[in-house]
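K.L.:
This is the structure I have questions about; it appears just below.
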Amino acid sequence: MVETVQPPVTPQPQALSALNERAREIFRQIVESYVTTGEPVGSRNLARILPMSLSPASIRNVMADLEHSGLIFAPHTSAGRLPTELGLRFFVDAMMEIGDVDLAEKARIEAQMQAAASRHTFDSALAEASSLLSGISRGAGVVLTTKVDAGLKHVEFVRLDADRALVVLVSIDGTVENRLVDLPPGLPAGALQEASNFLNARLRGRTLDALRADIEAGRTAMKRELDALTERLVDAGLATSVGSSEARQLIVRGQANLLDDLRAAEDLERIRLLFNDLETQKDVIELLARAEQGDGVRIFIGSENKLFSLSGSSMIAAPFRDGAQKIVGVVGVIGPTRLNYSRIVPMVDYTARVVSGLLDRPR
């Protein structure tokens with residue numbers, strides 16, 4: 001099921017529902033040419049590729065009506081036409097034919113995801129999903145998930161300089177998290193090892209939240225074992241909240257793909273703006289979180305979302321679920337508005353279902 005996001009302000013042109021077969025076919029060819037080449041298409045080229053016999057003059061008349069309806073526009077004087085964002089939205093909602101993922105591609109997606117999950121960690125499988133979607137779409141593959149508060153296997157404090165240390169937390173599932181902490185002034189030379197030993201003696205597979213609660217409950221005992229500065233170091237390490245169940249993890253792969261098909265200086269500027277968007281993780285996370293609010297694939301086109309208002313990009317995303325059928329994350333693709341929607345939508349949907357299947361199995 002595909003659930004699309006409608007423009008919040010722009011009304012649908014009245015003429016959309018009245019498009020006849022000829023106008024729809026001309027509009028379809030303009031959109032498909034744009035998705036394939038990124039270039040405007042003119043009446044003479046359309047006359048050669050249309051399945052019906054129409055003169056360039058007749059096609060120009062139809063194109064004028066489509067332009068009046070807000071579905072297409074001329075990027076330059078005397079140029080061909082490109083679809084507007086509203087036109088792309090209309091095409092996606094009312095005209096796009098979505099196929100299925102063929103058996104070979106399904107088998108490849110499942111094999112690569114399962115291999116990543118079995119050899120490494122579930123996070124590795126999510127990274128593999130992001131890379132897969134990037135390769136399929138030639139855009140950036142994205143995954144948003146809720147970090148799981150896994151049981152801890154080992155904790156270590158590593159001094160970086162006089163004022164800072166790295167807290168290394170290794171989970172039972174193999175996940176490694178690194179966080180910086182500030183060191184209390186005057187910390188004894190052996191305090192880092194002492195703090196590591198103190199926590200490791202109490203881990204026993206506890207999650208970070210459980211370990212924090214256990215330490216707090218035994219605060220009096222800790223004061224007997226550690227001096228005040230080392231106690232502050234332990235508290236700082238526990239306060240990193242690395243395993244917080246509310247933490248959100250964003251995985252982005254394949255940004256370089258976006259540079260492979262630049263056709264003009266304005267394309268380079270658009271990609272630069274998109275890179276800036278992707279670096280603003282908070283906004284990307286918020287946008288992906290919107291895709292968690294529905295059951296199917298969601299499609300965001302261009303300025304329908306403020307994040308892409310400058311770069312003119314699109315996102316196709318679908319939620320995945322855990323064994324209890326609770327939505328716990330999103331997989332998707334971000335790229336130019338000329339993404340191949342009809343091909344990528346079923347790929348994103350199927351990848352989300354494979355991720356859900358991995359989550360439904362004991363690990």
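The values are calculated or read from the model by the stated rules, or taken from the named source; none is laboratory data. Please read these numbers as outputs of a predicted model, since none were measured by experiment. Glycine gets a Cβ as well: all are built from the backbone with ideal geometry, and neighbour counts include every protein chain shown. SASA here: full protein model, heavy atoms, side chains in, ligands and nucleic acids out. Shrake-Rupley method; radii C 1.70, N 1.55, O 1.52, S 1.80 Å.
K.L.:
Among the residues of the range 176-219, what is the count of those that are part of a loop (DSSP other than H, G, I, E, B) and out of contact with any helix residue (DSSP H, G or I) (no Cβ under 6 Å at 6 or more places or on another chain)?
P.N.:
Going through the range 176-219, the residues part of a loop (DSSP other than H, G, I, E, B) turn out to be 183-190, 201-207, 218.
Applying the additional criterion that residues be out of contact with any helix residue (DSSP H, G or I) (no Cβ under 6 Å at 6 or more places or on another chain) yields 183, 185-186, 188-190, 201-207, 218.
Summing the residues that are part of a loop (DSSP other than H, G, I, E, B) and out of contact with any helix residue (DSSP H, G or I) (no Cβ under 6 Å at 6 or more places or on another chain) in the range 176-219 gives 14.
K.L.:
Which one of Ser118, Ser55 is within 30 Å of Val170 (Cα to Cα) and free of Cβ contacts under 8 Å to residues at least 12 places away in the same chain?
P.N.:
Numbers: Ser55 fails: within 30 Å of Val170 (Cα to Cα).
Result of the check over Ser118, Ser55: Ser118.
K.L.:
Next question. With the requirement that a residue be touching a residue at least 12 places away in the same chain (Cβ under 8 Å), on the phi < 0 side of the Ramachandran plot and in contact with a Ser or Thr (Cβ under 6 Å, 6 or more places away or on another chain), what does the range 301-327 give you?
P.N.:
Listed by number, the residues that qualify are Ile301, Ser303, Ser314, Phe320, Arg321.
Residues are listed down the side, and each one gets a yes or a no for (1) open to solvent by less than 30 Å² (accessible area, probe 1.4 Å); (2) aromatic (Phe, Trp, Tyr):
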{"site": "Val297", "(1), (2)": "yes, no"}
{"site": "Ala317", "(1), (2)": "yes, no"}
{"site": "Lys326", "(1), (2)": "no, no"}
{"site": "Tyr350", "(1), (2)": "yes, yes"}
{"site": "Val355", "(1), (2)": "yes, no"}
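K.L.:
Cβ-Cβ under 9 Å, sequence separation 6+ or interchain: first residue in the range 100-112 and touching a residue at least 60 places away in the same chain (Cβ under 8 Å), partner open to solvent by 60 Å² or more (accessible area, probe 1.4 Å) and in a loop (DSSP other than H, G, I, E, B). Which pairs?
P.N.:
Here the result reads Lys106/Asp100, each pair linking the range 100-112 to a residue that is open to solvent by 60 Å² or more (accessible area, probe 1.4 Å) and in a loop (DSSP other than H, G, I, E, B).
K.L.:
Here's a check for you: in the range 36-51, which residue that is assigned to a helix (DSSP H, G or I) and either farther than 16 Å from Phe73 by Cα or not small (Gly, Ala, Ser) (or both) is least open to solvent (accessible area, probe 1.4 Å)? Spell out how you get there, then give the answer.
P.N.:
If we filter the range 36-51 for residues that are assigned to a helix (DSSP H, G or I), which is where we start, we get 36-37, 43-49.
Next, from what is left, pick out any that are either farther than 16 Å from Phe73 by Cα or not small (Gly, Ala, Ser) (or both): 36-37, 44-49.
Values: Thr36: 101, Thr37: 47, Arg44: 163, Asn45: 73, Leu46: 0, Ala47: 31, Arg48: 170, Ile49: 87 Å².
Once the filter is applied, the top-ranked residue is Leu46.
K.L.:
So, one more: Quick one: Val148 ticks every box in (1) under 30 Å from Ile327 (Cα atoms); (2) modelled with pLDDT of 80 or more bar one, so which box is it?
P.N.:
Only one criterion is unmet by Val148, namely (2).
K.L.:
Kindly check whether there is at least one residue in the range 167-178 that is open to solvent by less than 10 Å² (accessible area, probe 1.4 Å) and not small (Gly, Ala, Ser).
P.N.:
First pass over the range 167-178, keeping only residues open to solvent by less than 10 Å² (accessible area, probe 1.4 Å): 167, 169.
From what is left, the residues that are not small (Gly, Ala, Ser) are 167, 169.
Scanning the range 167-178 turns up at least one residue that is open to solvent by less than 10 Å² (accessible area, probe 1.4 Å) and not small (Gly, Ala, Ser).
K.L.:
Separate question: Filter the range 52-64 for residues that are over 19 Å from Pro83 (Cβ atoms), open to solvent by 60 Å² or more (accessible area, probe 1.4 Å) and either basic (Lys, Arg) or not in a loop (DSSP other than H, G, I, E, B) (or both) and give the result.
P.N.:
Across the range 52-64, there are no qualifying residues.
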